[in-house]
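Chemist: Submitted below is the structure of interest, expressed as structure tokens.
The values are calculated or read from the model by the stated rules, or taken from the named source; none is laboratory data. Since this is a predicted model, take the numbers as computed values, not measurements. Cβ placement follows ideal geometry from the backbone for every residue including glycine, while neighbour counts extend to all protein chains displayed.
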Amino acid sequence: MEHPHPRFLTLTVKTAMCHTITYFVMGLLAFHFLHYADFINKPNSGMRPVSDPLVVLGPALQILRGVLFALVFYPFREVLFTRRSGWLLTAWMLIGVGILGTFAAAPGSFEGFIYTTVPVTLQVRGYLEIVPQTLLLSGLLYFWVRHPGKAWLTVTGCILRIQFVPMVGSFVGPRNPPWRYVTLMFRRSEVLPPQPAEFLRYPATPQSPDVSSSRTS
């Protein structure tokens, strides 16, 4: 077991990778089971459509967010990674400050319940995604800091696959929800549904107008 006092660069890399993985996994599950597409596609949802380039690159951009988390964890590394309950302290730090006590009136936060008109049920439903993701991030990071071993190879391979998924999504298009892209990572199957036979044929040549009918008219 490695001493649980990682250097800043090591903690930053591990935090960014763990956050990207857990964010991607929970995002896929939430998008499918919580029916996020129905809410995102509403005209006044305030959300970018699924086909937007920034949304497609969302999982890859989470690396920057992981770096931000590492900047917060590093001053408290001796407490977060030396105690047996350190991963719970990390999770509570993220939930208490980042979810419930955020200064902005974000949905699901204390301020959000007071100042926004978002239905309470819709705000609470978001906990089904962000709270498990916080626990997974905290637990995975805690385990990796204390037991590095061969986790570098495993997690790095997952990161490379996750980085590949947004590129696949940009080619597949919005007709296929993101949770279907994950099939590319585990089996050799096509994401696009089978196309009809007419799709593979050459386009028909345009027919010339009927001269005889135009004269008679």
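Chemist: Which helices (runs of 4 or more DSSP H) does segment 1-70 wholly contain that include 1 or more residues that are among the β-branched types (Val, Ile, Thr) and farther than 24 Å from Leu128 by Cα?
Modeler: Counting at least 1 such residues, we get 8-33.
Chemist: Shifting gears a bit: Considering only segment 117-137, state which residues are part of a helix (DSSP H, G or I) and under 18 Å from the mean Cα position of the chain (by Cα).
Modeler: If the condition is that a residue be part of a helix (DSSP H, G or I) and under 18 Å from the mean Cα position of the chain (by Cα), then Arg125, Tyr127, Leu128, Glu129, Ile130, Val131, Pro132, Gln133, Thr134, Leu135, Leu136, Leu137 are the ones that fit.
Chemist: Here is a follow-up. Please state which one of Phe31, Phe24 is closer than 18 Å to Leu68 by Cβ and either at pLDDT below 90 or in contact with a strand residue (DSSP E or B) (Cβ under 7 Å, 6 or more places away or on another chain) (or both).
Modeler: Only one candidate passes the filter, namely Phe24.
Residue-wise test of (1) of a type in the set (A, V, I, L, M, F, W, C); (2) without any contact (Cβ under 8 Å) to a residue 12 or more places away in the chain; (3) farther than 16 Å from Gly126 by Cβ.
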{"residue": "Ile40", "(1), (2), (3)": "yes, yes, no"}
{"residue": "Asp52", "(1), (2), (3)": "no, yes, yes"}
{"residue": "Gln62", "(1), (2), (3)": "no, no, yes"}
{"residue": "Ser85", "(1), (2), (3)": "no, yes, yes"}
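Chemist: Looking at segment 79-92 only, could you name the residues that are part of a helix (DSSP H, G or I) and crowded, with 18+ Cβ neighbours inside 10 Å?
Modeler: Correct list: Leu80, Gly86, Trp87, Thr90, Ala91.
Chemist: Could you tell me how many of the residues in segment 93-128 are within 21 Å of Pro75 (Cβ to Cβ) and of a type in the set (Gly, Ala, Ser)?
Modeler: 3
Chemist: Restricting attention to segment 97-111, report how many residues are in a helix (DSSP H, G or I) and either within 16 Å of Ser45 (Cα to Cα) or aromatic (Phe, Trp, Tyr) (or both).
Modeler: Residues in segment 97-111 being in a helix (DSSP H, G or I) and either within 16 Å of Ser45 (Cα to Cα) or aromatic (Phe, Trp, Tyr) (or both): 1 in total.
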